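Every read-out reported here was derived from the displayed coordinates using simple, explicitly stated rules and does not represent laboratory data. These figures come from a predicted structure and were not determined experimentally. Ideal geometry is used to build each Cβ from the backbone, glycine not excepted, and the neighbour counts take in all protein chains shown.
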Amino acid sequence: MPHLENVVLCRESQVSTLRSLFGERHHFSFPSIFIYGHTASGKTYVTQTLLKTLELPHVFVNCVECFTLRLLLEQILNKLNHLSSSEDGCSTEITCETFNDFVRLFKQVTAAENLKDQTVYIVLDKAEYLRDMEANLLPGFLRLQELADRNVTVLFLSEIVWEKFRPNTGCFEPFVLYFPDYSIGNLQKILSHDHPPEYSADFYAAYINILLGVFYTVCRDLKELRHLAVLNFPKYCEPVVKGEASERDTRKLWRNIEPHLKKAMQTVYLREVSSSQWEKLQKDDTDPGQLKGLSAHTHVELPYYSKFILIAAYLASYNPARTDKRFFLKHHGKIKKTNFLKKHEKTSNHLLGPKPFPLDRLLAILYSIVDSRVAPTANIFSQITSLVTLQLLTLVGHDDQLDGPKYKCTVSLDFIRAIARWSVWLCRPGWSTVVRSWLTATSASQDGEL
Amino acid sequence: MRELINHALKELMEIEEVSENVLQVHLNGLLQINDKIALKEITRQLNLENVVGDKVFGSFAENLSFLLEALKKGDRTSSCPVIFILDEFDLFAHHKNQTLLYNLFDISQSAQTPIAVIGLTCRLDILELLEKRVKSRFSHRQIHLMNSFGFPQYVKIFKEQLSLPAEFPDKLFAEKWNENVQMLTLNRVTASHPFMTAIDLMEASQLCSMDSKANIVHGLSVLEICLIIAMKHLNDIYEEEPFNFQMVYNEFQKFVQRKAHSVYNFEKPVVMKAFEHLQQLELIKPMERTSGNSQREYQLMKLLLDNTQIMNALQKYPNCPTDVRQWATSSLSWL
């Protein structure tokens, strides 16, 4: 079928394999076929297009949508019913609660005139969710042809490999088909396919080249790349539209678009910023450095003492308790510099995450870093609890452990740096230099925080 | 196995007396997942009085007592024998209390309606699964079907299955077909490609023997490959201890900070997204269920690929940058 190749690009061999598997309408095919491949490798698209173009009776079900047994089975049966009934009148909705009923009703529905002699195809998309449903569902679908004694083939589409599906006690093995990932050439071909008609194909192809140059090492997902291509094309065309450059002026176009794409990687790609915000930004032509993503907003305006409590919590989580005397007391006496940190602590401080600390220690550190006298009032304690609710601190251990609650600081160094920027003038003297050094440090060293 | 049973039943049914009298009930462990459903299915198939159309009336207790009464009323001389065929027999043994099995075996051992129970299963240790009271009522007659033919015999059987029988309408087609059956292949037959050839054989065997995980690794981006290599190094240094994202990121940074590799200097959230993609593909797995308390960067994970798989996949990886490949094979002492 010539027009199928135009609709489905770069998948000729998979299409031909599938077509030969399907065979003639009335032939029995493999009872089950398992198709796997990366996201956006065309599994759903190719299967759907092929079944529609060849006009084979099929039912397409998504296992994320139909996440319970009943939803799944009823949707299959009702869709089949719609296929088989020729009159437009509403036939009653079929209800089905167990797989046993499903097989029985399936036999009845497929006995209809127009479905009787042909292979019926059931396609289960995102089939990895079947593993979490009832245990008999996956083995049952694998041999539906035998159980129902009808001409039916079940296709499973998934990203996860077949070995992870196989139940412990074994099952009927399906025919496994792999959809290979698109090579960079294929990606270029597919992406260039949807160029807007007002520009030439070469112009768009050059743009796609630049886009792939920036994003290919990070992401090969076709859906993401298409989304980015559509969003950033207006910016790319801007110099041409404004008349500053011609279509062939590649260097100028590259210089214009490159910082924009780099910014896109940090924002739109990470979904920090929605695509409509991004488009608005492009229209307004503001400096992309100004853009604040979602993560920036987690740094909410905290009250005065809460900022210090957080800083104290971070210090308590990442410094071992033995070092407190040295860091926080004014006159701490001599401490041997060598063997400062025990061997196992060298790797653990920043790699294993925060350690829990008792409330008393937190308060002790707090008193030593705040410039003014802090009284242990209910105000302070309630701020600690608010921080727990905001999930900036977590309570470790049981809720009902009233004396000696232990906490853990769950914010990152970047967050603390952002807070420290505000608090640097309010710390006890001697501490402001420390905090300032945090702000300039690129990454915390492994030998301790300070 | 099932063909054997079906064949035997067909032969049996050819005897006139048998087909008039004997009732059959076919059950399957995959469909009847508990005794309640099984019971309803039995009543449906035997078409007892509490069945109207397809619907079975009454509760589980009522159905059970009705069925047992119906079966117990008879004796060996006057009532219809029933053959119960239980497919996936091991699944029935997982039902609660094995009620169905107990009752069926009980009836078969006592002087009531003559029934025969045939169970089909793939498990050799099926008797261990049965409870004591069920096992004692079992007749302990087992038939093992083993596939013990060697390769030449296998080929012979295969050829016989695929060859068209003599009565096939198109004589010429049948002859050519049987010639080509010398080759083994799967499915390349369409209207325009009616004969199997040797090329199909090679392609089909390739399809069957692919290493699926290697295929998935083939489709990863360069950043994701770098993360996998970082994990491999961590596994080598720390001998398969679980790792978290922060450790992997650190290891990756060590690679990036060497002068020539600054092209890989991506922001931490971008690396995190790649890490999460690997988790979605189930190439890495968390050690325990996610708890809301811990940050995602510090959750302990483990890598589900071993070193040989990684190195093989790297060989086949398209356009693998040389520095990445060198990093993968380098020893760790000088880092």
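Points worth noting:
- Annotation: the residues A:THR385, B:THR329, B:THR43, A:THR323, sorted from fewest to most other C-beta atoms within 10 Å of their own C-beta, follow the order B:THR329, A:THR385, A:THR323, B:THR43.
- Once the Cβ-Cβ distance of B:GLU239 and B:GLU14 is raised to the sixth power relative to R0 = 60 Å, the FRET efficiency obtained is 0.35.
- Hz values of 3J(HN,Hα) by residue in region B:85-101 - Karplus curve (6.51, -1.76, 1.60), Gly and Pro given as x: 10, 10, 7, 6, 4, 4, 6, 5, 5, 8, 5, 5, 6, 6, 4, 4, 4
- Using the Cβ-Cβ distance between A:GLU12 and A:GLU65 with R0 set to 25 Å, the FRET efficiency works out to roughly 0.25.
- Above-threshold pairs, the threshold being 26 Å between Cα atoms, out of A:LYS263/A:LYS355; A:LYS126/A:LYS408; A:LYS79/A:LYS126: A:LYS263/A:LYS355; A:LYS126/A:LYS408
- Ranking of A:LEU351, B:LEU86 by count of other Cβ atoms within 10 Å, fewest first: A:LEU351, B:LEU86
- B:VAL270-B:LYS316 pseudo-label distance in nm [points 7 Å out on the Cα-to-Cβ vector]: 2.9 nm
- Where labels lie 7 Å past Cα in the beta-carbon direction, separation of A:THR53 and B:GLN326 in nm: 4.6 nm
- FRET efficiency for the pair A:GLU173 and A:ASP360, taken as 1/(1 + (r/R0)^6) with r the Cβ-Cβ distance and R0 = 51 Å, rounds to 0.25.
- Region A:184-296: C-alpha gyration tensor shape, a/c 1.5 cut-off, then a/b vs b/c: oblate
- Distant-in-sequence amide contacts of B:PHE243, defined by a placed amide H-H separation under 5 Å and a gap of 5 or more residues or a different chain, comprise B:MET301.
- Inter-probe distance in nm under a simple model that places probes 7 Å from Cα toward Cβ, at A:LYS107 and A:PHE28: 1.6 nm
- Going from the fewest other Cβ atoms within 10 Å to the most, the residues B:HIS218, A:HIS26, A:HIS38 appear in the order A:HIS26, B:HIS218, A:HIS38.
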